[in-house]
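Working notes for the structure below.
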């Protein structure tokens, strides 16, 4: 398993990051047994996947608890990432300590702001009118992250879902920030325009989230009607598809989306690989990607995803997929906030 340094740090991350959102079980992803979590985490480490991504908000903290249990006795082999919600950034240390207690660890390798600290982002995480009226500032949040680093509670400060201007604000604080975690996959290519070039220029690693677009690029869904509402509330889908979970009020790109999936199935069949493996290999071919975040619910899924990390697709195949997915990119545009209306973005 290929590993790279994270930004300017000495932290090594594997080409595949294990997404832990489903760990601990919950409404969004359904039940997830601790045994399956233990098995997946252990097998991940055995396969060379050393990087695990969780957050305080995932399943009300149960994701962190489940990951901590699974890493017991093998913490030294792992790079652990957790994230703090923007509404909690007045009290970064308090929330970091709470995450560490749930994880059963004495330090985090990377601690990220889960979303930028602007009013619209904060409103999604709290109903506290005082916090909404006076949200934390970038300077306040990153000063606290830097203090945590000096204290030895974290090894690196990071960000997640930060746009070009928002990254510039972080850089101006003078606090070294090694990574930006952003949605990136064949049908979610918004970061290519400005965010990826800025990260490359400033030695900020990118960990791509939603590598399989929540199962769509794994070929799980044959038609748009098969996609559950929780997985259909992004701008890729029509507003009504989310059945009350969507808030973007746009028409989506459903026809174009499944044209891509069907074309990818044909390419994957010609290459004698699974569509999910093709989707992961395409991401990892991009020079600006350090790691791809993929969730594996069981050992079978894990082995298939890991195998994709050693796949190499040709330039011709990469270009073909770029062209096939361009109609979706044209509709969704270069705004990487896939959950709000294009004119009302938390990422800029």
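Taken together, the values in this text are just the output of simple stated rules run on the coordinates, not laboratory data. Quick caveat, the model's predicted, so the values are computed rather than measured. Neighbour counts are summed over all protein chains in view; Cβ atoms, including those assigned to glycine, are modelled from backbone coordinates with ideal geometry.
Assorted remarks:
- Residue 94 meets the conditions (1) more than 19 Å from the chain's Cα centre (by Cα); (2) part of a strand (DSSP E or B) in every case but one. The failed one is (2).
One line per residue, one yes/no per condition, for (1) assigned to a strand (DSSP E or B); (2) in contact (Cβ under 8 Å) with a residue 12 or more places away in the chain; (3) over 30 Å from residue 268 (Cα atoms); (4) within 17 Å of the chain's Cα centre (by Cα):
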{"site": "142", "(1), (2), (3), (4)": "no, yes, yes, no"}
{"site": "147", "(1), (2), (3), (4)": "no, yes, yes, no"}
{"site": "155", "(1), (2), (3), (4)": "yes, yes, yes, no"}
{"site": "162", "(1), (2), (3), (4)": "no, yes, yes, yes"}
{"site": "196", "(1), (2), (3), (4)": "no, yes, no, yes"}
{"site": "203", "(1), (2), (3), (4)": "no, yes, yes, no"}
{"site": "207", "(1), (2), (3), (4)": "yes, yes, no, yes"}
{"site": "211", "(1), (2), (3), (4)": "no, yes, no, yes"}
{"site": "214", "(1), (2), (3), (4)": "no, yes, no, yes"}
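- Top-ranked residue of the stretch 311-336 - restricted to ones that are assigned to a loop (DSSP other than H, G, I, E, B), touching a residue at least 40 places away in the same chain (Cβ under 8 Å) and out of contact with any strand residue (DSSP E or B) (no Cβ under 9 Å at 6 or more places or on another chain), ranked as surrounded by the fewest Cβ atoms within 10 Å (Cβ to Cβ): 333
Rundown of residues vs (1) within 20 Å of the chain's Cα centre (by Cα); (2) assigned to a helix (DSSP H, G or I); (3) without any contact (Cβ under 8 Å) to a residue 40 or more places away in the chain; (4) at negative phi, yes/no style:
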site: 90; (1), (2), (3), (4): no, no, no, yes
site: 116; (1), (2), (3), (4): yes, no, no, yes
site: 121; (1), (2), (3), (4): yes, yes, no, yes
site: 139; (1), (2), (3), (4): no, yes, yes, yes
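- Answer from 15, 55, 22 - the residue that is under 18 Å from the mean Cα position of the chain (by Cα), in contact (Cβ under 8 Å) with a residue 24 or more places away in the chain and under 20 Å from residue 281 (Cα atoms): 15
- Matching option when the condition is surrounded by fewer than 18 Cβ atoms within 10 Å (Cβ to Cβ) and within 19 Å of residue 345 (Cα to Cα), among 238, 269: 238
- Qualifying residue in the stretch 73-88 (condition: part of a loop (DSSP other than H, G, I, E, B), out of contact with any strand residue (DSSP E or B) (no Cβ under 6 Å at 6 or more places or on another chain) and over 23 Å from residue 208 (Cβ atoms)): yes
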